[in-house]
Amino acid sequence: MLGVSRDATKHEITKAYRQLAKKLHPDMHKKAEDKKKFEAKFQVLGNAYEILKDEEQRKDYDYMLDNPDLVYRHYYRYYRHRVAPKVDVRIVIAMTITVISAIQYMSSWNKYNSAINYLLTVPKYRLRASEIAKEECLYENLKKNRRRPKEEIKKEEEEIIRKVIEGNMEIKGGYARPSIHDILWVKIITLPYILGKYVVWWVRWTWRYNIKREPYDAEAITYLIRRNLKLNKTQFEAIPNREREEYFHRKLWIKENFKVWQKEKEEEMRVKLASSSRYKSYRRWMKSQGPGQITFDD
């Protein structure tokens, strides 16, 4: 159609198209019959140019010329190119990760701020924060400017107490202060480093405790307790200190001790539930009118 060879360059294809477009364009002809005739030819010319100027479509066209018998294969290659998204998949993935990271970071800050707002309502924390503010002379600027409205002074007092609580209160777990290292993008970027660090840790663990049979240090004991409890580091740190001290006192890093402790906790929970009036009524309902039972009340 374009009158070019199979090895023609993009420049040669464009040049041939422009020359033929001047001849075959419907506006170059005055008669209505000629217009309709050349309109169809111009459309075919345009389709040919669209295919040959695109590298992917040109490869598919060459493949069709070399393999004329593979009809269904040609259909597949054609529709794959037509239906495939025009946007680079890598850009879509990058944008998705960015959006998730932003939502994750904002959500973490929202949780942290809600925890701080709750602590501001607890009297003992407010009193202690006020005492620290007085010790550090943080109220001195308020005393100098007493002519300001009371609402403004009260607002500044609240900000001072909030800053003291933020600086002195250690919040752990899901409501901890957000860190940039917890963002999805940072985790993906640092994944090779984390994997390498884990491999080094595993080799050292195997060498020290499995081969050399060294006694466990404090870090290893904490890891074993977390593993038995099936808790990650953040969840374990959120447990009150008194409970964690009990874990160390009961030597829960030893599997046998952990199983005994686990049975004790299950028994405590069973006794607690048995003494609960709500649980008793639930058990009575299960016996009389639970799932699978039919009564006259139905």
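Among the residues of region 187-214, the ones that are under 25 Å from the mean Cα position of the chain (by Cα), of a type outside the set (Ser, Thr, Tyr) and within 22 Å of Glu237 (Cα to Cα) come to 3 in all. Listed by position, the helices (runs of 4 or more DSSP H) contained in region 151-251 that have at least 3 residues being closer than 30 Å to Thr96 by Cα and not acidic (Asp, Glu) are 184-189, 191-205, 233-237. If you go through region 128-150 and keep only what is in a loop (DSSP other than H, G, I, E, B) and not acidic (Asp, Glu), you end up with Cys137, Leu138, Tyr139, Asn145, Arg146, Arg147, Arg148, Pro149. Using the structure shown, decide if Ser114 is within 19 Å of the chain's Cα centre (by Cα) and open to solvent by less than 100 Å² (accessible area, probe 1.4 Å). Criteria not met by Ser114.
In region 206-235, the residues that are touching a residue at least 40 places away in the same chain (Cβ under 8 Å) reach residues that are open to solvent by less than 60 Å² (accessible area, probe 1.4 Å) and part of a helix (DSSP H, G or I) with C-beta atoms within less than 9 angstrom, at least six apart or across chains, in these pairs: Thr234/Gly173; Thr234/Gly174; Gln235/Gly173; Gln235/Gly174; Gln235/Arg226; Gln235/Leu229.
The set of residues in region 162-198 that are under 18 Å from Val122 (Cβ atoms) and aromatic (Phe, Trp, Tyr) contains only Tyr175. The set of residues from region 158-181 being modelled with pLDDT under 85 and acidic (Asp, Glu) comprises just one member, Glu170.
Checking each residue in region 249-258 for being touching a helix residue (DSSP H, G or I) at 6+ places or on another chain (Cβ under 9 Å) and open to solvent by 80 Å² or more (accessible area, probe 1.4 Å) picks out Lys251, Lys255.
Each row is one residue, and each column tells you yes or no for (1) exposed (fewer than 12 other Cβ atoms within 10 Å of the Cβ); (2) modelled with pLDDT of 70 or more; (3) in contact with a Pro (Cβ under 8 Å, 6 or more places away or on another chain).
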residue: Gln43; (1), (2), (3): no, yes, no
residue: Glu55; (1), (2), (3): yes, yes, no
residue: Asn67; (1), (2), (3): yes, yes, no
residue: Tyr79; (1), (2), (3): yes, no, no
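Would you check if there is a residue in region 265-286 being at pLDDT below 80 and in a loop (DSSP other than H, G, I, E, B)? Yes, the conditions are met somewhere in region 265-286.
The values are calculated or read from the model by the stated rules, or taken from the named source; none is laboratory data. Because the structure is predicted, anything quoted here is derived from the model rather than measured. Neighbour counts run over all protein chains shown; Cβ positions are idealised from the backbone, glycine included. Accessible surface areas use protein heavy atoms only, side chains included; no ligands, DNA or RNA. Shrake-Rupley method; radii C 1.70, N 1.55, O 1.52, S 1.80 Å.
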